[in-house]
Ligand SMILES: [Zn+2]
């Protein structure tokens, strides 16, 4: 019912998380009404994000790559981080919260999602194979590795953590040096890591088991 270019914008905006058709239409009309400089700023920002942001090939967090060639992020390449620790998080915002708490000095692995008990394909959509290979390589190259399952204390987070435990179990029996731990139960049920305060997070990390 709208002219095709507007409909196209609306369709694109409905793909944003949490955005329905009505809000998408408001965005589209806002853009058409604003015109420049907003539209050119938006266009430039999109182009810059596409050109300058990459994904760390080790932990899969987003990172800036000024010259377009760097493949690993500043955490993965920092020699002062404890390389035997890998905290597995659902998404980058969880990781950022752990970083801000200042109690954790190991590395990360961003899964990019969770396993849903109702969706059989969901294990394929998160970076499980990558985690397995990373841990396997770490155990081959060096002695010890601790995988800290820092998924959220939600049904899906728990399902994901249990699934990962099962996936990594063969590595634990092959190489005695693999420990798999989970964030301590200081976190209340349903609390999203993204919103948990620093002290709770510190306790959860210290009391991992
Ligand atoms: Zn990284």
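For this structure, a couple of remarks:
- Failed criterion for residue 60 (all others in (1) touching a residue at least 60 places away in the same chain (Cβ under 8 Å); (2) in the same structural domain as residue 199 (by TED's automatic domain parsing) hold): (2)
- Any chance residue 113 is surrounded by 13 or more Cβ atoms within 10 Å (Cβ to Cβ), over 30 Å from residue 204 (Cα atoms) and within 17 Å of the chain's Cα centre (by Cα): no
- Elements of type strands (runs of 3 or more DSSP E) in the range 1-114, at least 3 residues being away from the ligand (no atom under 12 Å from the Cβ), at negative phi and at pLDDT 90 or above: 82-89
- Of the residues making up the range 67-106, those that are free of Cβ contacts under 8 Å to residues at least 60 places away in the same chain and closer than 20 Å to residue 209 by Cβ number 3.
- Selection over the range 137-164 of residues that are over 16 Å from residue 183 (Cβ atoms) and in a loop (DSSP other than H, G, I, E, B) gives a count of 3.
- If you go through the range 116-136 and pick out every residue that is modelled with pLDDT of 90 or more, farther than 18 Å from residue 152 by Cβ and either within 14 Å of the ligand (Cβ to nearest atom) or surrounded by fewer than 18 Cβ atoms within 10 Å (Cβ to Cβ) (or both), you end up with 6.
- Residue check: residue 141 meets all listed conditions (1) over 17 Å from residue 168 (Cβ atoms); (2) surrounded by fewer than 17 Cβ atoms within 10 Å (Cβ to Cβ) but one, namely (1).
- Residue in the range 42-50 that is over 20 Å from residue 149 (Cα atoms) and surrounded by 12 or more Cβ atoms within 10 Å (Cβ to Cβ) present: yes
The values are calculated or read from the model by the stated rules, or taken from the named source; none is laboratory data. As the structure is a prediction and not an experimental result, all values here were calculated from the model. All Cβ positions, even for glycine, are placed from backbone atoms using ideal geometry, and neighbour counts span all protein chains on display.
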